[in-house]
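None of the figures in this text is laboratory data; all of them are computed from the coordinates on show. From a predicted model like this one, the values you see are computed outputs, not experimental measurements. Neighbour counts run over all protein chains shown; Cβ positions are idealised from the backbone, glycine included.
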Amino acid sequence: MTAIALCKGGPDLLGVAAQRRRTGFWLLALTVGLIVTGVVAVGSGAVGIPPLTVARIIGHHLVGVPGDVTWTPPQEAIVWQVRLPRVLLGMLVGAGLAVCGVALQAMVRNVLADPYLLGINSGASSGAAAAILFGAGAGFGQYALSTSAFLGALAASLLVFLIARSGGRVTSIRLLLSGVAVGYALYATTSFLIFASGSAEGARSVMFWLLGSLGLARWDALLAVAAIVLIGMIGYLTVVGRRLDVLAIGDETAQTLGVSPDRFRLRLLVLVSLSVGVLVSAAGSIGFVGLVVPHLARRVVGAAHVRVVPVAALLGAILLIWADVLARVLLAPQEIPIGIITSLLGAPFLLILIRRLHATGA
Amino acid sequence: MIRASEVSWRYGANPVIDGVSVTARPGRVLGLIGPNGSGKTTLLRLLYGALRSPTGQVTVDGDELSALPSREAARRLAVVVQEAGGETALTVAELVLLGRGPHLSTFQRTSRADHEIAARCLARVGAAHLGGRAFAQLSGGERQRVLIARALAQQATHLLLDEPTNHLDIRYQHEVLHLVRTLGTCSVVVLHDLNLAARYCDDLVLLGSGGVAAAGTTDEVLDATVLEPVYGIGIQRLDLDDGIHLLFHPIDHTAKQRSAA
């Protein structure tokens, strides 16, 4: 609407109105794509359910659409109890990984940064391994695994923060280095826990968790927390899009344009750590989404973060849901860890990216 | 007006700026000149708060700079830094519009008025045709002009530039400095080229080995007896109709020593 108003006001200076129209188009198209993806994904799996039936069951539950019940109780249970929470968690995790990747790439000014750069997932993995192998956090009942993983993530991010801080500042290079160091140390810790437990079955469960899975999704508090944190994060990053733009250019530029780079980077660090901690606790470490999707989003709507963040969120959600569908369908009834799918799809993309960067000499 | 009193900065144990005081007066262009390593850029960074001097203070229109909120500081000081931001994937228009940021609240989008200002600033530096291009694909000179356009779009009351003529060919060196001069804002410019300083600056501060070697009007500072010991080069000054011109020649130390003997 604003775009049209701008056109009426005179010529489209600097192509801003055209850009806004294009972004609006993409946001609309991707939202439709996400809804269609969701319905199709809920319908696919070991038991196929037609999309129309899926839509009817969901509509029945959400707004109590009256009408004939044309589906069987097992179909209803599969759609509402099993697959819908799973698809919703997939949306949240995909979107969350994508926007955290966007934020980190701006924070450390490196296009190869991803949400796991800060070693947060390694911390979560150590926590998860402790829970699976040694029963850590058993007091939290059904949330033992995710709580333990979250505490691990929290410890890792605190450690990274303490090491990266120098004189009250956190510079991008120190953040990068301490993230990598802490990541390796905690990776070793996880390996040691597996080694020390001596349980082959336990090792297999940890491995499965490390590669990521949406299999834990239920209508529970975890899903609610993930929804609140990740939707909040997407909203926040969209609002501070301009500040992300100037931070991505450089600290000195940010400062001269009225953004305090140190304070802003610190705030982002806290929020990204929280988000990554939550999503790793809920779904394990799913690789490549946070690295690849920001680049896809930039190709589609340009580099300004106010546009990149929402588009990346939608793209990430769609991609992760399809990866999960592949994970469930390819070797059905066996389920492949979703991290294997995202890495297989992401690696070639990364190679293309490197080639392109190399070709332009940037 | 920007006033720095008794500011200092050291890198490790080396004092680069040691108890320096300078004043940039309203409506005038102040040039910071001096040999390599004399601390011109460091002094400029102290003036816009990228570096916080452990001694003395910097005030902008009477208010202490370190006490100003960063957005308010950005409405008073527009800066063109050397940090090129060459890897950004933003377009030229987006980059210039970022200059409007200090005037917008967090939730505000850029308005038509902002777009008009940005377009006008691009036109002023002769870069109106570059609006839709990717900044990273521009030549060094084009980038420099775009960065100046962004600083202009900030509509700040002071303009600080760190060697703005770097990467520019001779025509744009003069165009950019001519533009700075005609703005009428209080400006501080770090310059290497003394002839550009002669033509476009009202006042000069000559830095040499940690401190101010000379300060005053351009006419006072650009004096061969003042410049020669600082730069270590022979200087001949010509006062022509259109201003001061400097000619340089190496000092032949061996010849001097021979004639002394």
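So the values come out like this:
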{"read-out": "Cα shape, the range A:288-362, gyration tensor, a/c 1.5 rule", "value": "oblate"}
{"read-out": "Stretch gain in nm, segment residue B:52-residue B:178, where the contour uses 0.36 nm per residue and the Cα spacing is subtracted", "value": "42.3 nm"}
{"read-out": "Spherically averaged projected area of the range B:86-156 from its Cα convex hull (nm²)", "value": "4.5"}
{"read-out": "Long-range amide H partners of residue B:208 with built H, under 5 Å", "value": "B:213"}
{"read-out": "Rounded, prolate or oblate (a/c below 1.5 giving rounded, otherwise prolate when a/b exceeds b/c) for chain A by Cα gyration tensor", "value": "oblate"}
{"read-out": "Dipole of the range A:220-362 [Lys/Arg +1, Asp/Glu -1 at C-beta], most positive-end residue of A:254, A:222, A:323", "value": "A:254"}
{"read-out": "Fluctuation leader among A:137, A:64, A:43 - chain A, Gaussian network, Cα springs under 10 angstrom", "value": "A:64"}
{"read-out": "Stokes-Einstein D in µm²/s, Kirkwood radius over Cα pairs - chain B at 20 °C with 1.002 mPa s viscosity", "value": "110"}
{"read-out": "Dipole of the protein assembly as shown, positive end: most advanced residue of A:112, B:157, B:198 [Cβ charges, Cα centre]", "value": "A:112"}
{"read-out": "222 nm mean residue ellipticity, helices alone, for the protein assembly as shown (DSSP H n ≥ 4; -39,500 (n - 2.57); rounded to 500)", "value": "-18500 deg cm²/dmol"}
{"read-out": "Modelled FRET efficiency - R0 22 Å, residue B:247 with residue B:36, Cβ distances, 0.05 increments", "value": "0.60"}
{"read-out": "Longest segment of chain B lacking trypsin sites (Lys or Arg not before Pro) that sit in a DSSP loop with at most 15 other Cβ atoms within 10 Å", "value": "B:134-261"}
{"read-out": "Given charges at beta-carbon only (K, R positive; D, E negative), |dipole| of the range A:56-183 in Debye", "value": "440"}
{"read-out": "Calculated P(r) of the protein assembly as shown - Cα pairs past 47 Å, %", "value": "29"}
{"read-out": "Electrostatic dipole magnitude of the protein assembly as shown [Cβ: Lys, Arg +1; Asp, Glu -1; Cα centre; debye, to 20]", "value": "1240"}
{"read-out": "Options A:99, B:227, A:181, ranked by Cα towards positive dipole end of the protein assembly as shown, top entry (Cβ charges)", "value": "A:99"}
{"read-out": "Magnitude of the charge dipole, chain A, Cβ model with Lys/Arg +1 and Asp/Glu -1, debye to 20", "value": "920"}
